[in-house]
Amino acid sequence: MSDEVLTNEVPGVDPAIAMIEFSSIAVGIVAGDAMIKASPLGSIYAGTVHPGKYLVLVSGDTASVDEAFDVGLSVGRGMVLDSVFLPDIHPAVTGAIASDEEAAWISGDALGMVETEHVATVIQAADAGVKAAFVEVSAVRMADGLGGKGYVLFSGEVAEVEAAVDAAEQWSAESGFVLQAHVIAQLHDEMAFNLRSDLRFRSRLALRPLERDG
């Protein structure tokens, strides 16, 4: 893969992250507290997501995040829906996760999509895909407004997007939570316009109302 910097990278971010997705809000809070007490983390983000789940995302140096991850899995045993530990996460993924944009970055002629049942798996899919090919991580969406699901969009040249989706699907297959993976070659300009404008249907309709005959 090329060393060229992607547009949605965030410089200076922590090298490692871990996320645990809990089916119990109460257990998630207890686990999150135990995780941050276990090691000197760079940051912790925790809160509820639809439908009634609790996410804990931690970042920092690899050893500290690994220790906190183990503690979280142990404390949350039986209530963990999905989890991921990435000791060297690609900064483009971090940038896409942290972005508050409701639109997708789109470049090149192809769009790749990987849809997952849970949130942690989609982060793993995004990281695997962008490390395997020269693509842009166009968007990473997680849980809220998606019935608890997640999806990642890759864009770029057709062959590169195909390689990214294949890698994302392969590396995430162990979780059993990959629902769909597809590549669209020669993405239609109208679809690209919709994706660049807003990924949510209701927002798109509000921006460009349907015309009525007569």
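The values are calculated or read from the model by the stated rules, or taken from the named source; none is laboratory data. Predicted, not measured: the structure shown is a model, and the values here were computed from it. With ideal geometry, Cβ positions are generated from the backbone for all residues, glycine too; neighbour counts draw on all protein chains shown.
Numbers for the structure displayed
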item	result
Residue in the range 99-118 that is part of a helix (DSSP H, G or I) and touching a strand residue (DSSP E or B) at 6+ places or on another chain (Cβ under 6 Å) present	no
Qualifying position, being free of Cβ contacts under 8 Å to residues at least 60 places away in the same chain, closer than 30 Å to Ser24 by Cβ, hydroxyl-bearing (Ser, Thr, Tyr) and not in a strand (DSSP E or B), among Thr94, Thr121	Thr121
Subset of the range 7-39 [part of a loop (DSSP other than H, G, I, E, B) and either at pLDDT 95 or above or touching a Pro at 6+ places or on another chain (Cβ under 8 Å) (or both)]	Glu9, Val10, Pro11, Val13, Pro15, Ser23, Ser24
Filter result (within 17 Å of Arg77 (Cα to Cα), crowded, with 18+ Cβ neighbours inside 10 Å and aliphatic (A, V, I, L, M)) within the range 14-26	Ala18, Met19, Ile20
Any pair with Cβ under 8 angstrom, 6 or more apart, that starts in the range 177-199 at a residue that is farther than 19 Å from Ala133 by Cβ and ends at one that is assigned to a helix (DSSP H, G or I)	Phe177/Thr121; Asn194/Arg204; Ser197/Arg204; Ser197/Leu207; Asp198/Arg204; Asp198/Leu207
Phe154 being in contact with a strand residue (DSSP E or B) (Cβ under 7 Å, 6 or more places away or on another chain), of a type in the set (Phe, Trp, Tyr) and either at positive phi or assigned to a strand (DSSP E or B) (or both)	yes
Leu55, sole failed condition from (1) of a type in the set (A, V, I, L, M); (2) more than 8 Å from Ile20 (Cα to Cα); (3) surrounded by 21 or more Cβ atoms within 10 Å (Cβ to Cβ)	(2)
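For (1) polar (S, T, N, Q); (2) surrounded by 24 or more Cβ atoms within 10 Å (Cβ to Cβ); (3) closer than 22 Å to Val56 by Cβ; (4) modelled with pLDDT of 90 or more, each residue gets a yes or a no:
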position	(1), (2), (3), (4)
Ala98	no, no, yes, no
Glu101	no, no, no, no
Thr116	yes, yes, yes, yes
Asp127	no, yes, yes, yes
Ser138	yes, yes, no, yes
